[in-house]
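One structure is given below, encoded as structure tokens.
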Amino acid sequence: MNQTSDLLEKLAFVILAGGALAGALVTITRKSAVAALIALIGTFCATAGLYATLSAHFLAVLQVLVYAGAIMVLFIFAVMIVSHDETEPIALRGLFMRTTGVLATGYLFYRIAWLVVRERGTDVMAATATPPIPGFGNVASIGRLLFSDFLFPFEAISLALLAAVVGGVLLARPPHDGGAA
Amino acid sequence: MPGHLYILVSLALFFIGTTGVLMRRNALFVLMSVELQLAAGSLALLAFSRGLGDQHGHVVAFFVMALAAAEAAIGLAIVVSVFRLRKKIDLSSIDELRN
């Protein structure tokens, strides 16, 4: 019984992580924006599954609602408005500098990955080895934290969202409707 | 599952997002890659949160999600208004502020 659930957990992790990485690769290589968006939605759903395996149930639900739902709908509307005639996806201008940047970032990430693998025995890396405390990651405990210790950042974020909504309306409004921006 | 695997997946996702930001010239794809990077960061936060048994990482991931929504709204509004002005959103051709 224990062995079966262990195997199932491993299988779920491999499927979710592989799906997330494959979707991300498809996203940045597609020429058509709609195909990239669909792959991105798949990536976000797989990431939500990974959150759920980390006992972050509230965040998993939010990931599907906010990312795979709301933000992707915004992107789909933008793709509808912006036309599809694309120039070559990778322009030659500045290609050398950008390739150098990607290679440097790759080396940095390789070093970080090496460090992470070396430190895999520490407590921080234990992740799902021990069962979580009761109520870990559910709506009640996250909500209690949000409205006690993090009340000020929470209100600041709501102000930032309001500013973003007003700014988005102001920016996306057609320039010829006579309103002074 | 051991936590370092989650961190490695998060690193790989972030690297793919960085590659997209650096290599793609279409502003829509750059914004999508930025969303990928934000999701990768949240994954690392949640993995460490689970490892430490501390839920503060969940709260920070919640804030990241809210800021990602704000960023997508503003970014896409800028893309749409640039497209209205210039009829294309190729980032390497938008260089009015250079020099």
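The values are calculated or read from the model by the stated rules, or taken from the named source; none is laboratory data. No experiment lies behind these values; they were computed from the predicted model shown. Cβ placement follows ideal geometry from the backbone for every residue including glycine, while neighbour counts extend to all protein chains displayed.
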One residue from B:G20, B:G41 being at pLDDT 90 or above and either more than 7 Å from every other protein chain (Cβ to nearest Cβ) or in contact with a Lys or Arg (Cβ under 7 Å, 6 or more places away or on another chain) (or both): B:G41
Breaking point among (1) buried (at least 21 other Cβ atoms within 10 Å of the Cβ); (2) modelled with pLDDT of 90 or more, for B:A12: (1)
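Go through region B:43-96 and report how many residues are in a loop (DSSP other than H, G, I, E, B) and closer than 19 Å to A:T53 by Cβ. Steps first, answer last, please.
Of region B:43-96, the ones in a loop (DSSP other than H, G, I, E, B) are B:53-55, B:87-89, B:94-96.
Now restrict to residues that are closer than 19 Å to A:T53 by Cβ: B:53-55.
The total comes to 3.
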Residues of region A:118-140 that turn out to be more than 15 Å from B:L52 (Cβ to Cβ) and within 23 Å of the chain's Cα centre (by Cα), as a count: 2
Candidates A:V102, A:V64, A:V117 - the one that is more than 9 Å from every other protein chain (Cβ to nearest Cβ) and modelled with pLDDT of 85 or more: A:V64
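Looking at region B:56-75, can you tell me whether even one residue there is under 25 Å from A:M97 (Cα atoms), modelled with pLDDT of 90 or more, crowded, with 19+ Cβ neighbours inside 10 Å and of a type outside the set (D, E)? Please lay out each step first, then the result.
Initially, region B:56-75 is screened for residues under 25 Å from A:M97 (Cα atoms), giving B:75.
Of the ones still in play, those that are also modelled with pLDDT of 90 or more are B:75.
If we keep only those that are crowded, with 19+ Cβ neighbours inside 10 Å as well, we get B:75.
Cutting the leftovers down to of a type outside the set (D, E) gives us B:75.
Taking every residue of region B:56-75 in turn, at least one turns out to be under 25 Å from A:M97 (Cα atoms), modelled with pLDDT of 90 or more, crowded, with 19+ Cβ neighbours inside 10 Å and of a type outside the set (D, E).
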Lone unmet requirement of (1) surrounded by fewer than 23 Cβ atoms within 10 Å (Cβ to Cβ); (2) in contact (Cβ under 8 Å) with a residue 24 or more places away in the chain; (3) more than 7 Å from chain A (Cβ to nearest Cβ) for B:F48: (3)
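Considering only region A:120-161, state which residues are outside any helix (DSSP H, G or I), touching a residue at least 60 places away in the same chain (Cβ under 8 Å) and at the interface with chain B (Cβ under 7 Å from one of its Cβ atoms).
Going through region A:120-161, the residues outside any helix (DSSP H, G or I) turn out to be A:120-122, A:130-138, A:147-150.
Subsequent filtering for residues that are touching a residue at least 60 places away in the same chain (Cβ under 8 Å) retains A:132, A:136-138.
A:P132, A:F136, A:G137, listed by residue number.
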Helices (runs of 4 or more DSSP H) wholly inside region A:1-72 containing at least 3 residues that are of a type in the set (D, E, K, R) and surrounded by fewer than 19 Cβ atoms within 10 Å (Cβ to Cβ): A:2-29
Selection within region B:51-99 - without any contact (Cβ under 8 Å) to a residue 60 or more places away in the chain and acidic (D, E): B:D54, B:E71, B:D95, B:E96
